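S.K.: Structure in structure tokens, see below.
No lab work stands behind these numbers, since they all come straight from the coordinates. Quick caveat, the model's predicted, so the values are computed rather than measured. Ideal geometry is used to build each Cβ from the backbone, glycine not excepted, and the neighbour counts take in all protein chains shown.
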Amino acid sequence: MGQDTLKLTRKIQLLIDLPTKEERKEALDKLYQWQNRCFKAANLIVSHLYVQEMIQEFFYLSEGIKYKLADEKKNEDGILNRSRMNTTYRVVSDRYKGEIPTNILGNLNNTIISSFIKNRQEYWKGERSLMNFRRDMAFPFDIEGIKGLTYNEEKKAFCFRFFSIPLKTYLGKDFTDKHKLMERLAKGEIKLCASHIQLKKGKTYLLGVFEIEKERHTLKPNVIAEASLSLEYPIIAKTGKSKLTIGNREEFLYRRLAIQAARKRAQDGATFSKSGKGRKRKTKAVQKFYDLEKNYVSNRLHLYSRKLIDFCIKHQVGTLILLNQEEKIEIAKEEEFVLRNWSYYELMTKIKYKAEKAGIELITD
């Protein structure tokens, strides 16, 4: 049923593991410098890629101009003095060498080239604008950037060196699988693929991509379950004579509408809130209810999708079919209330991820 592994992305907060405030500030400044050089290099790379791709469109060049994007040593019509992938890497490497680890630049170059090639036809047709990178972008690296990953009992954290900077994880009250994934990574049981470091709102995060084996369950490909998604009941699943209704309108929709009503009251009252630090201070209560709704919906959908997959595993279902989804999408598009409150795509994404993890084939009707 395809590959035996899948990739999970987890967001893990990191702290700089140095004793003094001055040392921590110096290390943090270095991370911000790497982020800044990545931002500049990314926009430079994509600009060069676009010019290379569109050079044959410069019809006003003389006929004697060669424009084949190939190494001149390998092709007589080639206009490059090295491989095409190496051209953009050398541009940013020569400009920022010594200011940022070359491992980061190499991964950045590979990531942008892969994305550019994927969208090349749309760029050529003018259907997509060129990628533009922000100053606060997350910057990539691979496993070579992490050295000495171990669990420190005294600090109750996983400690490692990110190139030359000592870091440790901050998992807090972790109720997810982050601690288990880091533990398995430290033991060498799973692999860390190309990941990212993100600096956001004064905090540092590891956006780690872990490659793990799929769960092994006794499933039968010929056993089929059918599931239907709706606003009245989030999920109705059945296989053979067994049927399961997951969630209900009162539990999901009414609670969500109550949070939205509370946010609306907070918006009305924000006019009279104490100012002093601008818009952020006045809308603090509004943001609180916005985050509350977002977290509530995400939690419910995780629970619903988990119950569906557990139901399939219990009955050894090898194939899961989601029924009549195209029709329901059209209905949702016509009714603003349904589209706003159904969270169809997020639920679909969670079901797809959990089904793949369990080794269940998912079919959308």
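S.K.: Grab the Cα-Cα distance for residue 180 and residue 363, subtract it from 0.36 nm times how many residues apart they are, and report the gain in nm with one decimal.
M.R.: 62.8 nm
S.K.: Please compare each pair in 243/352; 25/200; 203/357; 21/282; 118/201 to a cut-off of 27 Å on the Cα-Cα distance and tell me which ones are over it.
M.R.: Details: 243/352 20 Å; 25/200 16 Å; 203/357 30 Å; 21/282 32 Å; 118/201 32 Å.
Violating the 27 Å limit, Cα to Cα: 203/357; 21/282; 118/201.
S.K.: Can you tell me how much longer the chain between residue 296 and residue 115 gets when fully stretched, taken as 0.36 nm per residue apart minus their C-alpha distance, in nm with one decimal? Write out the running numbers ahead of the final one.
M.R.: Working: separation 181, 0.36 × 181 = 65.16 nm, distance 3.32 nm.
The residue 296-residue 115 span can extend by a further 61.8 nm.
S.K.: Could you order the peptides 10-23, 307-320, 41-54 from most to least packed, using the average number of other C-beta atoms within 10 Å per residue?
M.R.: Final packing ranking: 307-320, 41-54, 10-23.
S.K.: Okay, next question. Need one number: nm distance between label points at residue 201 and residue 48, each 7 Å from Cα along Cα→Cβ, rounded to one decimal.
M.R.: Here the modelled spin labels are 3.6 nm apart.
S.K.: Another question, then. Using 0.36 nm per residue, how much length does the chain from residue 8 to residue 124 gain when fully extended, once their Cα-Cα distance is taken away? Write down the numbers at each step before the final one.
M.R.: Details: separation 116, 0.36 × 116 = 41.76 nm, distance 3.29 nm.
Gain on extension, residue 8 to residue 124, equals 38.5 nm.
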